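One structure is given here, and the rest of the page talks about it.
The values are calculated or read from the model by the stated rules, or taken from the named source; none is laboratory data. Predicted, not measured: the structure shown is a model, and the values here were computed from it. Using ideal geometry, Cβ is built from the backbone for each residue, glycine included, and neighbour counts are taken over all protein chains shown.
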Amino acid sequence: MTAAGRALRAEWTKLRTVPSTWWLAGTAIALMVIVGAGTVSGVSTDHCPTPAGCHEDTVKLSLTGIWLGQAAAAVLGALALSSEYGTGTIRATLTAMPRRPGVLAAKAVVVAAVVALAGAAGVAISLLTARLMLPGNGFTRAAGYPPASLADGPTLRAAVGTVLVLVLVALIGLGLAAILRDTAAALTAALALLYLAPLLRTVIPDDRWVHRLDRYAPMPAGLSVQATKNLAQLAIGPWPGLGVLAAYAGAALVAGAVVLRVRDV
């Protein structure tokens, strides 16, 4: 087995044997489904002049659970490394695998795989739940709201994009843990990065700054990938917005790799 294969196997063994990994993955799924179902149950065509006049993006509404599910993904990513600093086992890890950037890369691969599986499950169940609930609220095919289907290009893009958002958020958590080497500090930084911009945009009176936040802050930009309607009204397109979030994740991992390489344990 190659060195990369051994590193992946070791990191997978560590991640899958930690109970918090599966608790957090399950929490991410549950939050996505519960919040998505709650959001869908609260919308109806009754308040619109006509059902078709609602112009609701029902796919995006179905996936709003990501706003809380991403927190669990960030925690999972951060704990994949910061827990080793907390217990001191990072010394054994780096002794067994002295190529430190390789260790971080292996962790990134296994974290991404676990979060992708959880995200796919959360997205699938959320869309199925909404598909069952929405017709009862007036969002029927006859009213111009066909059931969500992955055969539909925009719906597939929103579903795949939501999974990728969760993966990138987890990688941001991992990168910040490599930089800060402390669970509390990494989680504080990750959650601030995720939620500070959405909070600021609600209190900033200048529309130009709100537009900039929506284009360049990680979560407003990243979650544009969920939109399936009214794309012209977005501050940034779906895939470019996801690219902004990917740039944050890449920067966190690169900085984490540099810090991991130059600092003593």
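Some points to look at:
Here is a yes/no grid of residues against (1) within 25 Å of L223 (Cβ to Cβ); (2) crowded, with 18+ Cβ neighbours inside 10 Å; (3) more than 15 Å from the chain's Cα centre (by Cα):
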{"position": "P49", "(1), (2), (3)": "no, no, yes"}
{"position": "V75", "(1), (2), (3)": "yes, yes, no"}
{"position": "A80", "(1), (2), (3)": "yes, yes, yes"}
{"position": "T87", "(1), (2), (3)": "no, no, yes"}
{"position": "L128", "(1), (2), (3)": "yes, no, yes"}
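- Residue check for L168: at pLDDT 95 or above and either in contact with a Ser or Thr (Cβ under 8 Å, 6 or more places away or on another chain) or in a helix (DSSP H, G or I) (or both): yes
- Checking each residue in region 108-164 for being of a type in the set (D, E, K, R), outside any loop (DSSP other than H, G, I, E, B) and either modelled with pLDDT under 90 or under 21 Å from L231 (Cα atoms) (or both) picks out only R157.
- Where A184 falls short, out of the listed (1) surrounded by fewer than 17 Cβ atoms within 10 Å (Cβ to Cβ); (2) part of a helix (DSSP H, G or I); (3) hydrophobic (A, V, I, L, M, F, W, C); (4) over 21 Å from the mean Cα position of the chain (by Cα): (4)
- The residue that is farthest from V165 (Cα to Cα), among those in region 82-107 that are of a type in the set (D, E, K, R) and assigned to a helix (DSSP H, G or I), is R91.
- For region 211-240, residues that are assigned to a helix (DSSP H, G or I) and either surrounded by fewer than 18 Cβ atoms within 10 Å (Cβ to Cβ) or touching a residue at least 24 places away in the same chain (Cβ under 8 Å) (or both) total 17.
- Among the residues here, R261 qualifies as part of a helix (DSSP H, G or I), under 30 Å from A92 (Cα atoms) and charged (D, E, K, R).
- Condition check for E56: assigned to a helix (DSSP H, G or I), acidic (D, E) and surrounded by 14 or more Cβ atoms within 10 Å (Cβ to Cβ): no
- Scope region 1-24; condition among the small types (G, A, S) and over 11 Å from M97 (Cβ atoms); matching residues: G5, S20
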